[in-house]
Amino acid sequence: MTLVRYLVRRVYHSIPTLVGALLFIFILVRVLPGDPARLIAGPEALEEDVQRIREQLGLNKPIHTQFIDYVTAVLKGDFGRSIKFGTPVINEILFRLPYTIILALVAEAIAIAIALPLGIISALRPKSKTSYIASVISLIGASTPVFWIALILIYIFSVSLKLLPSSGADSPRHIILPAITLSLVLMGNLTRITRSSVIEVLSSNHVLTALAKGLKDRIVITRHVLKNALIPIITIMGLQVGNLLGGAVITETVFAWPGIGSLLIDAIFFRDYVLVQGIILFMVLVFIIVNIVVDVIYAYVDPRIRDVLWRMS
Amino acid sequence: MEKVLEILGLRVYYELPQGTVKAVDGVDLDVFKGEILGIAGESGSGKSTLALTIAGLLRPPAKVISGKVLFRGIDILRLSNDELRSIRGRKIGIIFQDPVTYLNPIYTVGFQVGEVFEAHRGGKILKYLNEVINLFKAVKIGDPERRVYSYPHQLSGGMKQRVLISMAIAEKPELIVADEPTSALDVTIQAEIVELLNEIRKELNTSIVFITHDLALLLEIADRIAVMYAGKLVEVGKTYEIYKDPLHPYTKALISVLRYERKRRPTPIKGSIPSLINPPPGCRFHPRCPYVLPKCSQVDPKLVNVNGRYVSCLLVGGSDGGGS
């Protein structure tokens, strides 16, 4: 019950964030160069036609009226119709969403599977080979641009070895390259955070208590080091997933992966401001939700946070 | 008397980039069955390092350079990791200074105490719930049936220290090392904890090595006192003898401060504790000693027996054999 009450409170407290985001998105889209009405009408359209389209879209109304119209529509669940596709924005997003979700999850899973053990081992054995590999991976992950990793992988696996497809999403094999590309970037950060978090917990006093009890090293490490070290790692993982669910713009574009990120790029190039608005709003929502989920996981791991969070609700 | 612990020529150094810290530099000490041995020293005198060494908990960069720590005749410095683990928590318990950071914040205190039984008897922790509740009763934690499910942050400092004590006594160890167990607590709570440790000693006939900077506290509870200065012991003796007639100039100075309220102005000890990286040559106390002799900066005095008491001072029973 406390959890439900907590969630209700969190959603309620998200409203100001959401309103702020709506205002910001609205202004951002209006100040972008390019006239959507003229774009829709085509380069040889008459001024009357452009004017007519402008009226249809409501672009001739005063700016504050436009904002109120926009917010009312959003509250009703109406994200508007895409100018380019003529379909409801929400449909476009929902159509692309599964691709983004699967790519995000596969990439994060690969990153976790490699970065966590690597970070842990390099913290426990700072002078080992694994530790060296971990530093190299964090360095590559942190300093290499995504598009470059993507191009190199395409060059090796698609062009030279002809093993994997380089674009599209027609078969499960298509996900391999974009997922690896993304996971390499995630891995760098995750390895570094895991390593430093484990090192920090290792030197804390309660670990000495655990040793003084005569517990086996393995239990001390898993129970008293790793579980405590998990707390900052969860934050990073949450942020990463949140980021990815909003669409991995560059990766999706390079690999022509039909997710939210490439949809956003298309929308921007077409000056489809309704679609752009919709996608950005969707990203904001994803972030709010991911933050709440991360906090709940936090509370599950750390009773101190649990007490504070539950008490506030 | 029956010896529980015998420390012989112990040297523990820390190899740091700034230099070698000689935290424990030649310590000889016996702990007898059922006694409370107080170790008094300023911060930075090496007393915590000594505590960790006795409890078999030294970790790098600490390194044992030489010496033996015989627990029941077995040198714990030469034990394998597994052998050491079966002693830690079962035969030797340790109580740390700061109850807040020495408990893991994410487990209930009952679970953390139950781990001691798990470590030495095996099985699930839940199996030992009754033992843990009984332990909590023994250390006078109110409402123990509920308290076992509390998390550390839900308990007061004194309560947390009781939890740590219950961990240390869970397996009825022969030796308990208490490293400043009351320093982080209020004075009233301090008295309660000291009283508790005294009761435990009587009940279990456990030896307690009580380490503190608070000599006044030791005068109240310790049977014998060892005074530590800059990595060495300067005087070891029965509590009342040390109080009545301190022999070493450092002990004299400490005791005179304690007598301040009863007598006249104390003579403060001038200067401060020397660096353990570059300790002064000869007697380490000589730069601060009011009775300093020229040879004090050249000869490092040995701990010698003077009428059943041990003192390391050239003025006392040393090579020139003079009294105090």
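The values are calculated or read from the model by the stated rules, or taken from the named source; none is laboratory data. All values reported here derive from a predicted model rather than from experimental measurement. Heads up, the Cβs are rebuilt from the backbone with ideal geometry, glycines too, and the neighbour counts pull from every protein chain shown. Please note that ligands, DNA and RNA were not included when accessible areas were found on the heavy atoms of the full protein model with its side chains. Shrake-Rupley method; radii C 1.70, N 1.55, O 1.52, S 1.80 Å.
For the criterion of being of a type outside the set (Asp, Glu), touching a Lys or Arg at 6+ places or on another chain (Cβ under 9 Å) and either surrounded by 12 or more Cβ atoms within 10 Å (Cβ to Cβ) or not assigned by TED's automatic domain parsing to the domain that holds A:Ile199 (or both), A:Ile120 passes. If I filter segment B:103-121 for residues that are open to solvent by 20 Å² or more (accessible area, probe 1.4 Å) and touching a strand residue (DSSP E or B) at 6+ places or on another chain (Cβ under 6 Å), do I get at least one hit? Within segment B:103-121, none of the residues are open to solvent by 20 Å² or more (accessible area, probe 1.4 Å) and touching a strand residue (DSSP E or B) at 6+ places or on another chain (Cβ under 6 Å). Go through segment B:1-60 and tell me which strands (runs of 3 or more DSSP E), entirely inside it, have 3 or more residues that are modelled with pLDDT under 90. Of the strands (runs of 3 or more DSSP E) lying wholly inside segment B:1-60, those with at least 3 residues that are modelled with pLDDT under 90 span B:3-16, B:19-32.
Within segment B:298-309, residues that are closer than 19 Å to B:His286 by Cβ and not assigned by TED's automatic domain parsing to the domain that holds B:Val234 have Cβ atoms under 9 Å from residues that are open to solvent by less than 60 Å² (accessible area, probe 1.4 Å) and polar (S, T, N, Q) in these pairs: B:Asp300/B:Ser312; B:Pro301/B:Ser312; B:Lys302/B:Ser312; B:Leu303/B:Ser312; B:Val304/B:Ser312, counting only partners at least 6 apart in sequence or on another chain.
Return the residue satisfying two criteria in turn: it lies in segment A:185-220 and is open to solvent by 40 Å² or more (accessible area, probe 1.4 Å) and within 13 Å of another protein chain (Cβ to nearest Cβ), and of such residues it is farthest from B:Glu83 (Cα to Cα).
So the residue we want is A:Glu200.
Can you list the helices (runs of 4 or more DSSP H) lying wholly within segment B:78-181 that have 2 or more residues being within 11 Å of chain A (Cβ to nearest Cβ) and at negative phi?
Where helices (runs of 4 or more DSSP H) fall fully within segment B:78-181 and carry at least 2 residues being within 11 Å of chain A (Cβ to nearest Cβ) and at negative phi, they are B:81-87, B:109-121, B:157-169.
Listed by first and then second residue, the pairs linking a residue in segment A:295-307 that is more than 10 Å from chain B (Cβ to nearest Cβ) to a residue that is crowded, with 16+ Cβ neighbours inside 10 Å and part of a helix (DSSP H, G or I), with Cβ atoms under 6 Å apart and 6 or more places separating them unless they lie on different chains, are A:Ile297/A:Ile234; A:Tyr298/A:Ile305; A:Ala299/A:Ile305; A:Ala299/A:Arg306; A:Ala299/A:Leu309.
Being surrounded by fewer than 23 Cβ atoms within 10 Å (Cβ to Cβ), touching a helix residue (DSSP H, G or I) at 6+ places or on another chain (Cβ under 7 Å) and touching a residue at least 24 places away in the same chain (Cβ under 8 Å) holds for only one residue in A:Val225, A:Val249, A:Val241, and it is A:Val241. Counting only residues that are closer than 21 Å to B:Glu241 by Cα and in contact with a Ser or Thr (Cβ under 8 Å, 6 or more places away or on another chain), segment B:1-39 holds 9 of them. For segment B:200-297, the helices (runs of 4 or more DSSP H) that sit wholly inside it and include 3 or more residues that are over 20 Å from B:Ala51 (Cα atoms) and open to solvent by 50 Å² or more (accessible area, probe 1.4 Å) are B:239-244, B:249-258.
Residues that are touching a residue at least 12 places away in the same chain (Cβ under 8 Å), out of contact with any Phe, Trp or Tyr (no Cβ under 9 Å at 6 or more places or on another chain), of a type outside the set (A, V, I, L, M, F, W, C) and open to solvent by 30 Å² or more (accessible area, probe 1.4 Å) do occur in segment A:128-141.
Hey, among the residues in segment B:53-70 that are touching a Leu at 6+ places or on another chain (Cβ under 8 Å) and away from chain A (no Cβ under 14 Å), which one's surrounded by the fewest Cβ atoms within 10 Å (Cβ to Cβ)? Filtering segment B:53-70 for residues that are touching a Leu at 6+ places or on another chain (Cβ under 8 Å) and away from chain A (no Cβ under 14 Å), the one surrounded by the fewest Cβ atoms within 10 Å (Cβ to Cβ) comes out as B:Ser66.
Among residues that are in a helix (DSSP H, G or I), under 20 Å from A:Ile260 (Cβ atoms) and open to solvent by less than 30 Å² (accessible area, probe 1.4 Å), A:Ile90 is not included.
Tallying residues that are among the aliphatic types (A, V, I, L, M) and open to solvent by less than 10 Å² (accessible area, probe 1.4 Å) within segment B:173-193 yields 5. All told, A:Ile280 falls short of being farther than 27 Å from A:Ile175 by Cα and either open to solvent by 20 Å² or more (accessible area, probe 1.4 Å) or in contact (Cβ under 8 Å) with a residue 24 or more places away in the chain (or both). As for segment B:204-226, it holds at least one residue that is more than 18 Å from the chain's Cα centre (by Cα), under 30 Å from B:Leu126 (Cα atoms) and more than 14 Å from chain A (Cβ to nearest Cβ). Applying a threshold of 9 Å to beta carbon distances and a minimum spacing of six or more residues, or different chains, the list of pairs starting in segment A:23-50 at a residue that is at positive phi and ending at one that is acidic (Asp, Glu) reads A:Gly42/A:Asp49.
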